[in-house]
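Colleague: Shown below is the structure under consideration.
The values are calculated or read from the model by the stated rules, or taken from the named source; none is laboratory data. This is a predicted model, so every value here is computed, not measured. Heads up, the Cβs are rebuilt from the backbone with ideal geometry, glycines too, and the neighbour counts pull from every protein chain shown.
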């Protein structure tokens, strides 16, 4: 029970950090990140206190809660798909590049899901499938750096900005897609 609580707290901290990192897309990240983090911390806190104060006072409509959970999962997943486009909006990429970026993001998410399924496959507890899953995750995580150094360097002043933007985008894609899928497929 204690491990589940700790993992839940860590998960919420990661989600808060991902939402707070939306501040990197602002014109002044030094102000944007703390403002976004504070905003979402207040939102999470208000939701938590609302649920705690109203818990047990009303009968919970399980279907409504499931619907809201699934809708929130869909919103997070869509945010994951559009995160790279949001992160790169400062450089004003043409529509075709944004479309390619959207499709590439969707493909990376599918490959990530496949890699995790290889690692967590209960039927074949073989070392080979787990190793292939981890190798695929390593390759997927290297793709943003490759794209940043080969393509984004044309649009950014230095490698630090290009790599930072690429990795912020991939971190937000990973976090939002994982949470979105978790909430969508969550069973009560």
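Colleague: Only one residue in 132, 152 is touching a helix residue (DSSP H, G or I) at 6+ places or on another chain (Cβ under 6 Å), assigned by TED's automatic domain parsing to the domain that holds residue 93 and surrounded by fewer than 16 Cβ atoms within 10 Å (Cβ to Cβ), so which one is that?
Modeller: Only one candidate qualifies: 132.
Colleague: Within the stretch 119-127, identify whether any single residue is closer than 14 Å to residue 140 by Cβ and in a helix (DSSP H, G or I), and answer yes or no.
Modeller: Taking the stretch 119-127 and keeping what is closer than 14 Å to residue 140 by Cβ, we get 119.
From what is left, the residues that are in a helix (DSSP H, G or I) are 119.
Checked against the condition, which is being closer than 14 Å to residue 140 by Cβ and in a helix (DSSP H, G or I), the stretch 119-127 yields at least one hit.
Colleague: Right, residue 146: on the phi < 0 side of the Ramachandran plot and surrounded by fewer than 15 Cβ atoms within 10 Å (Cβ to Cβ) or not?
Modeller: Taking the combined requirement at face value, the residue satisfies it.
Colleague: Here's a follow-up. Considering only the stretch 156-188, state which residues are surrounded by fewer than 15 Cβ atoms within 10 Å (Cβ to Cβ) and either in a loop (DSSP other than H, G, I, E, B) or in contact with a strand residue (DSSP E or B) (Cβ under 6 Å, 6 or more places away or on another chain) (or both).
Modeller: Quick first cut of the stretch 156-188, residues surrounded by fewer than 15 Cβ atoms within 10 Å (Cβ to Cβ) only: 157-160, 182, 185-188.
Listed by number, the residues that qualify are 157, 158, 185, 186, 187, 188.
Colleague: Considering only residues that are more than 18 Å from residue 22 (Cα to Cα) and in contact (Cβ under 8 Å) with a residue 40 or more places away in the chain, which ones fall in the stretch 148-188?
Modeller: Those that are more than 18 Å from residue 22 (Cα to Cα) and in contact (Cβ under 8 Å) with a residue 40 or more places away in the chain: 152, 155, 156, 181, 182, 183, 184, 185, 186, 188.
Colleague: Quick one: what pairs do we get from the stretch 65-82, first residue in the same structural domain as residue 173 (by TED's automatic domain parsing) and within 19 Å of residue 106 (Cα to Cα), second at pLDDT 90 or above and surrounded by fewer than 16 Cβ atoms within 10 Å (Cβ to Cβ), C-beta under 9 Å, 6+ apart or different chains?
Modeller: Within 9 Å, the pairs are 81/102; 81/106; 82/102.
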